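Engineer: Let me begin by handing over the structure; questions about it come next.
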Amino acid sequence: MSKNLLNILFIGDIVGEPGLSLLDTFLPSLIDKHDADFVIANGENSHKGKGINRSIIKRLYDLGVHVITGGNHSFAKWKVFDYMKEDGNVLRPMNYPKGNPGYGFGVYEIPDFDHKIGVLNLQGRTFMQPIDDPFTTADWVIERMKEETDLIFVDFHAEATAEKLAMAWHLDGDISVFVGTHTHVPTHDARLFPNGMGYISDVGMTGSFDSVLGMDKNTSMNRFKLGTPHRYRLANGNNHLCGLVAKVDLESAKCEHIEPIIYPSFNSSNLED
């Protein structure tokens, strides 16, 4: 194909049916609008707020998603374990200890292109489970992926912005695009790093913003106010899709443009100038 730029569309953490329904309605038109060549979505919260299942995986594929990334809830639904062993397009963080099911990275054909793209899923350790080191894991995997492609996309699922930035500086020059996920709050810091890597600290979530990170706000408030466990319930209402478009030069593998998407946009009419 004569096109010089690869358009990558990434969808931030999909939280339950509110997020999935939003994708049913808008994702095909977003793919057309942004002329997306390759679509990646984080699906670790897509089944009732925790985990993913086979029917949701098929649903996302049917909407045009090529690769589904995960995070700390990737293993929440044990029935999907066998499927994770079979499907290399469903990723979970690579730095979980050896013996867990699934794939942490893959190198994929890009439809209608002669190039391939590598996708790596990692998880941070600050304020999260003490799993294997994501930095040394990234080094090993990226060296392996570069045997097939220099176009590499990383979803780093982490709590601490400092850890995300440290990883970003560590990877700048080795990968094309770095997206942070997990905190569900979109950050206003999308930018290009000095050596050509596109970066954002957190893409945000796709789901209900009449909520606390996609979950019912009243039960969430009681967890904090009362200091006792309360079972999370999925919220609905004021649903938004948070995503990102990155344009990557096919020859240099450097990101030329990175742009967050929030649809529909948040209402700020009540804010003072």
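The values are calculated or read from the model by the stated rules, or taken from the named source; none is laboratory data. Nothing here was measured: the structure is a model prediction, and the numbers come from that model. Ideal geometry is used to build each Cβ from the backbone, glycine not excepted, and the neighbour counts take in all protein chains shown. For accessibility, only protein heavy atoms count, side chains too; no ligands or nucleic acids. Shrake-Rupley method; radii C 1.70, N 1.55, O 1.52, S 1.80 Å.
Engineer: Among the residues of segment 155-177, are any crowded, with 21+ Cβ neighbours inside 10 Å, among the aliphatic types (A, V, I, L, M), touching a Cys at 6+ places or on another chain (Cβ under 8 Å) and over 24 Å from residue 213 (Cα atoms)?
Structural biologist: For segment 155-177, residues crowded, with 21+ Cβ neighbours inside 10 Å, among the aliphatic types (A, V, I, L, M), touching a Cys at 6+ places or on another chain (Cβ under 8 Å) and over 24 Å from residue 213 (Cα atoms): present.
Engineer: Count, please, the residues in segment 223-273 that happen to be farther than 17 Å from residue 176 by Cβ and aliphatic (A, V, I, L, M).
Structural biologist: Counting residues in segment 223-273 that are farther than 17 Å from residue 176 by Cβ and aliphatic (A, V, I, L, M) gives 7.
Engineer: Select from segment 1-25 the residues that are aliphatic (A, V, I, L, M) and open to solvent by less than 10 Å² (accessible area, probe 1.4 Å) and list them in ascending order.
Structural biologist: Residues satisfying the conditions are 6, 8, 9, 11, 14, 15, 20, 23.
Engineer: Limited to segment 152-187, what total is found for residues that are in a loop (DSSP other than H, G, I, E, B) and more than 22 Å from residue 50 (Cβ to Cβ)?
Structural biologist: Of the residues in segment 152-187, 4 are in a loop (DSSP other than H, G, I, E, B) and more than 22 Å from residue 50 (Cβ to Cβ).
Engineer: Could you list, in sequence order, all residues of segment 188-198 that are open to solvent by less than 50 Å² (accessible area, probe 1.4 Å), in a loop (DSSP other than H, G, I, E, B), out of contact with any helix residue (DSSP H, G or I) (no Cβ under 8 Å at 6 or more places or on another chain) and not acidic (Asp, Glu)?
Structural biologist: Within segment 188-198, 190, 196 qualify.
Engineer: Can you name the residue in segment 212-236 that is closer than 22 Å to residue 266 by Cα and in contact (Cβ under 8 Å) with a residue 60 or more places away in the chain and, of all such residues, is most open to solvent (accessible area, probe 1.4 Å)?
Structural biologist: Taking the candidates together, the pick is 236.
Engineer: Quick one: is residue 127 surrounded by fewer than 16 Cβ atoms within 10 Å (Cβ to Cβ), on the phi > 0 side of the Ramachandran plot and not aliphatic (A, V, I, L, M)?
Structural biologist: yes
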